Structure formats: C-alpha cells, structure tokens
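Remarks on the structure that follows.
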Amino acid sequence: MAAPMERVIKQQTERSTFKTTSFQKKTRSKLLSIPGTRPSVQNGQLLVSSGVTSLDFLLGGGLAVGTVLLIEEDRYDSYSRVILKYFLAEGVVCRHRLFVAAAQENPDDILQELPAPILDDVAIPKPVEQPRLPCESQESLDSMKIAWRYQNLPKVQTALVSSSRFGHYYDVSKTMEPEIRQAAKSHCFYLPDHPQKTSNTHSQFLGPYSALLKSLQEVIRQEGFEVAASMSNSQNPNVLRIGLHSLGSALWGDDLCCSDSPEHRHSLVTFLYGLRALLRSSLAVAVITLPSHLIQDRALMGNITRLSDYSIALESFKGSERETNPLYRDYHGLLHVRQVPHLNCLASQLPDHKDLAFKLKRKQFSIEFHPVKSHVESTG
Amino acid sequence: MYTELNSILNTSPESFTKGDFILLSDKQSDASFLIHHFLSFYLRAKCKVCFLAMVQSFSHYSTVSQRLGVSLAQAKEKGQLVFLEGLQESLSILIPQDEHTGSQAMNFLRDPKLGLQDLYEFVSSKVKRSCGGEAESEEWGPPVLLVDDLSVLLTLGVTVGAVLDFSHYCQATICSKLQGNMVMLVRCDQEEDEGDNESPACLLKGLTHQSSLTLDVQGLPTGYCRDIHGQVEVCWQRRQGDGQNTQNKLFQYKVHDKGASFFARGTSSAVL
C-alpha cells in the first residue's frame, strides 16, 4: 500500500519544481494573440474593434481580420468620415499599423483630426523609463519572502505599453495628442502623388486603382502582414488597418458617380476583388467609404456590396425635412446594415432589428433601435 | 450534406443521376449553403470534384466542410479534389509581377473580351482522365464541376454570352461525354432593367434552359424572419427516367451551425 503512495508523492514534487501550477490553458497554435484583437464568440475568428462599440455589437462582436467594411456615405460625408476616424484612432490606441488613402485631401490631414481617446490606462511611452528596468530587477530578486511562488515569474511592467481592452471611447471635441498618434506607424497614399502609368497594359482593367492596389500589396509584403509570414515570424504579429476614403468618387479618376453608363464600370469592382484577395491572406482590415448616393445604377451598387464583406449605409437627417421632425428629434440619422458575412461558418448573424438610428454624442457614437411607425407620421 | 435535402431531391451518395446540370440561384439572399451541401455530397460519393472557388478562400470552405464531416485538405492530397482558388490566382494578374506565376485559368482578368476559354481549358484538363494513369483514375467516380459563383465573372466584365459558352462547353464535356455532374451558382439582384442584356437575370434565363434541375433560393415574401431564413423552389427541367417527380416543390429552410433543415411551408418548428 505504501509503495504506490510514495510514487505519487514523488511525481508531484517533481512536477512542482518545473511549474508553480500544473494547469495549462490549451491554446491552439493557430490563434495569434495580438493586442487589440479577440476571438469571436461564434466561430473563433480573430476580431478587431471598429472603434465604435455599438457598431461592433451590431456586426457580431467586431470586424473579422481579413475583411472589408463598406460604409455608404451620407450626403455630406460627415458621419462616415467620423466612423473612419474612429477606426483609425482605435488602431493608434491598440498600436496597430495604419494605411490611409485619400484623393480629396492629404491623408496626413485625416490623421491630424483623429479624436482623443478617453482612457485612464493608455500610457504615453516615455523612453526615459526603459534603462531603469535592468538595475531594478537585481534588487527585487531578494525581496520575495512571502510571495516566493511568484519569484520565477517575469516581472510585470506597471506602465502598459498598449491598451489591452477591446473597444474604446473617444471624445470628438478634442483631437488626439501628437505623442499618442506618433506611437503608431502609418502609411499614407495620396493619389496626386502617384500619377497613373498609361503604359502598363496588365492593370488597364483596374484603371485608377491599380497604383493603390500595388501600394497596398507592397506594404503588406514588406511589413510582414501576410498570414504565412506572421506565423513563422518570431516578432510580434500586428494588424494593419486600412482606411480608404471616398472610393468611387470622381476625384479618384473614376466616372462611376458621374454618368449613367460609366466607362470604368468594372474598375472599382475589380479593385474590390483584388483587395479581398489581398486581405484574405493577410492580417489586415479595411474600411472603405463610398459616396453611394451618387451612383445611379442600383445593380452596380449590389455588385459592390457583394464584393465587400460588411456593408452599412448611413443616412443623415441634415438638410432634410426629417431634421425638424419630432420623431427623429434624438437622432442624427438612420443606419442600415446591408450585409454581414458568414466566414468559416454556414449562417450569418444579422442584427435582429432593422430600424436603427444613430446619434453622435461628444463621447460616444451610439446606435439604437428606433422603431419608425409610419402611420404616426401620416396622421400627424 | 443535408439529409433532408437528399430526401427532397431523391438522391444519396450511393445513387444519384449522372449527367445532371444543377443550377443554384438566389435573389437577395445567399444560396452558398447549397454549394457546401453539394461539395460534401459529391466528395462522399467518391467522385472526382473540380471546384472553382471564385469568391472565398480555401480555408472558408475547408472549415465549413469540416463541420459537415468532410476534410477538404485530405481530399486535395489524395487527388480527389481539384481546387482553384480564384482570389489567389487573380492577384498575380491584377498586380503585374516580374515573374509569371500561377495558372492561366484567370486570364479573363487581363482582358474580359477574351472570354473564358482559358478557364475551360483548365477545367477540361483536370477533369479528363490522364492517358497514363488509368489505374488511379479508376478509384474515383464520375467527374463533378462546382462553380461558386458565376455572377462574379459578370461583375468582373465577362459578357453573358461568354459565360453561357463556357457553361455549354463544360456541359458537353462533363455531363454528356464523361457522364459527370455540374453544379453552378448564379446570384441575382431584385431590381434589374428589362432591357439590360448583361444582367445576371439574363444569364439565369439562359442557364435555366440548359440545366436539368434548378434550386432557386429566395427570401420570404413577408420579410426577414429569424427562424425561417427563406424558401427554396426545386424545379426539375428534364423528365426523370421513370417519369416521376416532375412537379415543382417549394420548401422553407433554416441554416444553422452544422447544416440546414428544410420543411414544408408553415411547418417550421418555431411556428408549430
């Protein structure tokens, strides 16, 4: 009887010299842990926050890495621009990389206007703190007398380098401080800087978007955002956030919004196809804003929606008669969720409520269910 | 593979009609769950499957098929599945590289006026039995071509005529000559112009004429419902061998995590 007990005790003591606890969480090797991301509850996909927490909830927890969110702009491009800035600001706070492309204005100007985060635990990295750590660790080695079990664990940094929360809140009335913004590396693509090469016959079909697609591929390859490269990379993997402002507008050299039967009918959809191909094999998320109210062809809009993954449309009340309508008093506009993808699973989770209205408050972009009773409007 | 759908169509992996052209279509809803059904169905039936996946990556189909009980990676290794990942192949054409890698199948992206001839050459080369390898081609059943989906070819600039030619050539090779099956998906929008010759609706009409079985997926006419995702109309275009089952059937369906359930109208478990 004694012999088996001895063996058990011996095994236990042997085990305890290696680890303080025998509990080890089973992590599948393909799940990357990147700050600012979390796995989806539904299908385990890696999600990033869009910057607007209520939008994250509508889209099933966040934007899946490797997908495209298409935002159909409101008439004056005010709220769609705000959401784009939230998306980029979230990237800065989570220390993701940014890629901003615009034709109307310099992307640097968009980056100057990012809203300030409302956080207690976002630390501004101070390079002064770094050299102190090595000398500090020598003193602390002897100090563990009571909590000796924790002696072998690595020392935790008190100043968090990047925020570990998923989804943050921003104060729209203030702009982000330059120190916080410069902590995240960003790439800019300003269309006038990239004149279109007419000699390139291969990319004739992409038309005005060929330089953009090529530039995106270069950034993804060189910075190591490809999934295959990230898995084998010893460095920490990171996510690239791509913001493309007002694609399809005339400023990009595309006549989709200008005529009924455009010459470049297939350029934007071919670009979206190429973008999907790029994103599916890399750790990147793209948000595109598109002035859909200028596109007359509904079938074309349907094609564009189908080639993006998530699609929402904003309809603001500014300048319309609804602005003074007492029904819509509390809101700034309506939000329509056109499409939610079902990647790696059979069924998608569309939000239950179709009547959604949004309001931009100073510290929050809130999206709420707003039942519109049409018979009240007609009798009132 | 959804067992209820098998009983509706009167097929099973052990016995199914050969030489069929099955057309899947949808209007403002998503019929891609049917593609997953047919993919797992024909892999289980030990057919040689050629899958042209134009819109999603391999890992998407692989993950879903795993939930349905079939491993795509294994099938690919054994040579049963030939998978063309359109997204990946297209990148080398859309962004010109110095060295030309990848197959020629997506050449229609270079100039859509060329048509889908290269794509057809790719399909026929993979589907025909190789002259030297008689022994290995005996273990797999008749060839099957799955396309997901054809309407994206239209959005990328290929004409309706070229797509109809492609499907006609494929049908002649696979269904008539090799007694295999074909499954193609076409996605339409609700609003189309009547006079538009290049719309998916026009393509759908042409393909319906060529097909032997169509499954048309639509949303419910009464609007969005969480428990019933839509309705499927099953139409047999050609008379079956014994003259049975030529009636059109209408079912409602719900897609869940591991499959889809089909039921007669009004008999959803949420309603009863």
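A compact globular protein would have a Cα radius of gyration near 2.2 N^0.38 Å; the ratio found for the stretch A:253-380 is 1.27. Shown here is the pair-distance distribution of chain B: with all Cα-Cα distances grouped in 5 Å bins from zero up to the longest one, the shares run 1, 5, 12, 17, 19, 18, 14, 9, 4, 2, 1, 0, 0 percent. Separation of the stretch B:205-219 and the stretch B:15-74 by C-alpha centroid, Å? Using only Cα atoms to place each centre, the spacing works out to 17 Å. Pairs exceeding a 19 Å alpha-carbon distance, out of B:K128/B:K177; B:K76/B:K254; A:K174/A:K318: B:K76/B:K254; A:K174/A:K318.
Over the stretch B:1-109, the pair-distance histogram of Cα-Cα distances with 10 Å bins from zero comes to 12, 40, 33, 12, 3, 0 percent, rounded to whole numbers.
Residue separation of A:Q349 and A:L294 scaled by 0.36 nm, minus their Cα-Cα distance, works out to 16.8 nm of gained length. For the peptide B:88-95, the mean number of other protein chain Cβ atoms found within 10 angstrom of a residue's Cβ is 6. Counting Cβ atoms of other protein chains within 10 Å of each residue's Cβ and taking the mean over peptide B:151-159 gives 4. Each peptide in A:89-98, B:208-217, B:46-55 gets a packing score, the mean of other Cβ atoms within 10 Å over its residues, and the list from highest to lowest is A:89-98, B:46-55, B:208-217.
Averaging 1/r over each pair of different alpha-carbon atoms in the stretch B:54-99 and inverting the result gives 11.9 Å, the Kirkwood hydrodynamic radius.
Other residues lying with their Cβ under 9 Å from the Cβ of B:Q218 contribute a combined charge of -2, Lys and Arg counting +1, Asp and Glu -1.
Modelled spin-label separation between A:K185 and B:T17, with each label point placed 7 Å from Cα along the Cα-to-Cβ direction: 6.0 nm. Charge tally for B:F251 (other residues, Cβ to Cβ under 14 Å; Lys, Arg +1; Asp, Glu -1): 0. Protection proxy ranking, highest mean first, for peptides A:333-339, A:322-328: A:333-339, A:322-328, where packing is the per-residue count of other beta-carbon atoms within 10 Å, averaged.
Every read-out reported here was derived from the displayed coordinates using simple, explicitly stated rules and does not represent laboratory data. Since this is a predicted model, take the numbers as computed values, not measurements. Backbone-built Cβ (ideal geometry, glycine too); neighbour counts: all protein chains shown.
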